[in-house]
Amino acid sequence: MTVLFGTSLPVGPDAAVAVSAGQTLAAAATQRPSEGSVHSWDLSTGVDGPGTRFVTFLSGCPLTCLYCHNPDTWKMRNGKRTSADAVIAEAAKYRTFIAASGGGATVSGGEPLLQPVFAGELLHRLKHELGLHTALDTSGFLGVRATDALLRDTDLVLLDIKSWDRETYKKVTGRPLQPTLDFARRLADLGKEVHVRFVLVPGLTDARENIEGVAEFAGALGNVARVDVLPFHKLGEGKWQALDMNFTLHDTPSPGAEQVAEAKAIFAARGLTAV
């Protein structure tokens, strides 16, 4: 008996599961439609993985990050019900351009692992039908929902480690840190390439011991190819206001160039490439 995305299903030589062309075993076994709640899709360069990428933003997220620049993705019901066929057809329009740039496709959110069957279906088809390099952008909080099959179809994991201090992490996200650390160790055991993302927020995540904690952890994993030190910004504040939500970091400044450089140096001291 194998557990697929939290559901016990018979999978193996004796399992009567019909898998159609382009469909993952998980989707076939669960008999779920290849549909999901999609917020939007876009082309991006340099921020969602290497090269120019087709990025699908799925709706729904269990975290409530204080600095989130897309709070409109938090609720799955606010997305548009979309078929995997529609996403793949859209991505296919840019396949030649993306390949020429050394790019690929990224499944992001929200939190894509809130919809693990749909996310797995997209990653599988983007990789095997379109031949694109694939990336999963995740907080890792729902990492237990990612099957090994989903991760085999993922070339790169963009993993947000928002704080090392547990209390700060809970304050920032509303959730505990441990599931993210467990997922990171699992990715290391699988030898999966990881880019760690760390948002530098003055007065919140910028304590030296906090940065050193993330750096020590990431450096010890052995599979972290780079760390993106992302300066806090308030570009999403307008969305918070539009949603009648209180943006508590309104008076928090963005970190200066010297602060960002110091944070990068901490990661570099642990043998990590920090950008």
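Taking the Cβ of LEU159 as the centre, find all other residues whose Cβ is under 9 Å away and add up their charges (Lys, Arg: +1; Asp, Glu: -1). Summing Lys and Arg as +1 and Asp and Glu as -1 gives -1.
The residues of region 208-275 have, on average, 54 Å² of accessible surface per residue, using a 1.4 Å probe with all protein chains present.
Distance between the C-alpha centers of region 208-242 and region 249-275? Whole Å please. The two parts, judged by their Cα centres, are 9 Å apart.
For region 75-227, a Kirkwood radius taken over Cα pairs fed into Stokes-Einstein (10 °C, viscosity 1.306 mPa s) yields D = 97 µm²/s. Against the chain, whose longest principal axis is taken from its Cα atoms, helix 208-221 shows a tilt of about 30°.
The lysines within cross-link reach of LYS239, meaning a Cα-to-Cα straight distance under 22 Å and a gap of 8 or more places when in the same chain, are LYS75, LYS80, LYS162, LYS171.
Using the heavy atoms of the protein chains alone and a 1.4 angstrom probe, what is the accessible area of region 98-153 per residue in square angstrom?
Details: 1530 Å² over 56 residues.
Value returned for region 98-153: 27 Å² of accessible area per residue.
With R₀ fixed at 25 Å, the C-beta to C-beta distance from SER254 to LYS171 puts the FRET efficiency at about 0.85.
Please report the carbon-and-sulfur percent of the accessible area for the chain; probe 1.4 Å, protein heavy atoms only, DNA, RNA and ligands left out. Don't skip to the answer; put the middle values down first.
Details: 6380 of 12370 Å².
Carbon with sulfur: 52 percent of the solvent-accessible area.
Sum up the charges of everything whose Cβ sits under 15 Å from the Cβ of ASP251, counting Lys and Arg as +1 and Asp and Glu as -1, but leave ASP251 out. It works out to a net charge of 0. How far is helix 116-128 tilted, in degrees, relative to the longest principal axis of the Cα atoms in the chain, given as a value from 0 to 90 rounded to the nearest 10? Compared with the principal axis, the helix lies near 80 degrees. Ellipsoid fit via the Cα gyration tensor, region 147-275: semi-axes of 26, 19, 13 Å, each the root of five times an eigenvalue, largest first. Here the calculated FRET efficiency for GLU216 and GLN241, from their Cβ-Cβ distance with R0 = 22 Å, stands at 0.05, rounded to the nearest 0.05. A Gaussian network model of the chain, with springs between Cα atoms under 10 Å, assigns the largest mean-square fluctuation among SER37, SER254, SER59 to SER254. Mind checking which of GLY219, GLY51, GLY236 has the largest fluctuation in a GNM of the chain, springs on alpha carbons under 10 Å? Comparing GLY219, GLY51, GLY236 in the GNM, the peak value goes to GLY236. Based on the Stokes-Einstein relation at 37 °C and a viscosity of 0.692 mPa s, and on the Kirkwood radius from alpha carbon pairs, the chain is assigned a translational diffusion coefficient of 170 µm²/s.
The values are calculated or read from the model by the stated rules, or taken from the named source; none is laboratory data. What you see is a predicted model; the values in this text were computed from it and never measured. So basically every Cβ, Gly included, is an ideal-geometry build from the backbone, and we count neighbours across all protein chains shown. Heavy atoms of the whole protein, side chains included, go into the accessibility calculation; ligands, DNA and RNA do not. Shrake-Rupley method; radii C 1.70, N 1.55, O 1.52, S 1.80 Å.
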